[in-house]
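Take a look at the structure set out below.
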Amino acid sequence: QVQLVESGGGLVQAGGSLRLSCAASGRIFSSVTMGWFRQAPGKEREFVASISRSGSWTNYADSVKGRFTISRDNAKNTVALQMNSLKPEDTALYYCAAGVVFGLSAADYAYWGQGTQVTISS
């Protein structure tokens, strides 16, 4: 069982930046695709970004391209999401997730963290 713990969320003004981190347990980390999703109240969980097992490939939602950067450090069992130029519409609970498929949907990810809240004020 992969254990994922997110951190780094908080309150930031529009235009600011946050860096989210996700610590993954075990030796399985390097064997899984990692993704970030977000969910605002009353809305479906939304794909944000993903990174392949080796880190060679990344995907981003159109809404965050050019603003967010996903990265991973397999030696440290961590994945990060650098979020710049934040907008109020980025406000959501952000989850990191792990799966064996380099996918864009929540169904592609079997393991989830507890989420970390990101709130962007205007």
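In summary, the convex hull built on the alpha carbon positions of the chain has an orientation-averaged projected area of 6.6 nm². Loop-located GluC sites (Glu not before Pro) in region 1-70 (DSSP state other than H, G, I, E, B) with a sparse environment of at most 13 neighbouring Cβ atoms within 10 Å: Glu44. Placing unit charges on the Cβ atoms only, positive for Lys and Arg and negative for Asp and Glu, gives the chain a dipole magnitude near 240 debye about its Cα centre.
Quick check: at a probe of 1.4 Å, how many percent of the accessible area of the chain sits on carbon and sulfur atoms? Intermediate values should be presented prior to the final figure.
Details: 3030 of 6160 Å².
Carbon and sulfur: 49 percent of the exposed surface of the chain.
Looking at the chain, identify the longest residue range that excludes and avoids all trypsin sites (Lys or Arg not before Pro) in DSSP loops having at most 14 other Cβ atoms within 10 Å. By the stated rule (loop sites, at most 14 other Cβ atoms within 10 Å), 77-122. The GNM of the chain, with springs linking C-alpha atoms under 10 angstrom apart, assigns the highest mean-square fluctuation among Ala107, Ala80, Ala14 to Ala107. Within the full protein context, the accessible area of Thr116 is estimated at about 20 Å² for a probe radius of 1.4 Å. Note on the chain: antiparallel DSSP beta bridges, both residues inside, total approximately 90 percent of the bridges counted.
The values are calculated or read from the model by the stated rules, or taken from the named source; none is laboratory data. Please read all numbers here as calculations on a predicted model, not as lab measurements. Cβ: placed from backbone, ideal geometry, glycine included. Neighbour counts: every protein chain shown. Just the protein is used for accessible areas: all its heavy atoms, side chains included, with ligands, DNA and RNA removed. Shrake-Rupley method; radii C 1.70, N 1.55, O 1.52, S 1.80 Å.
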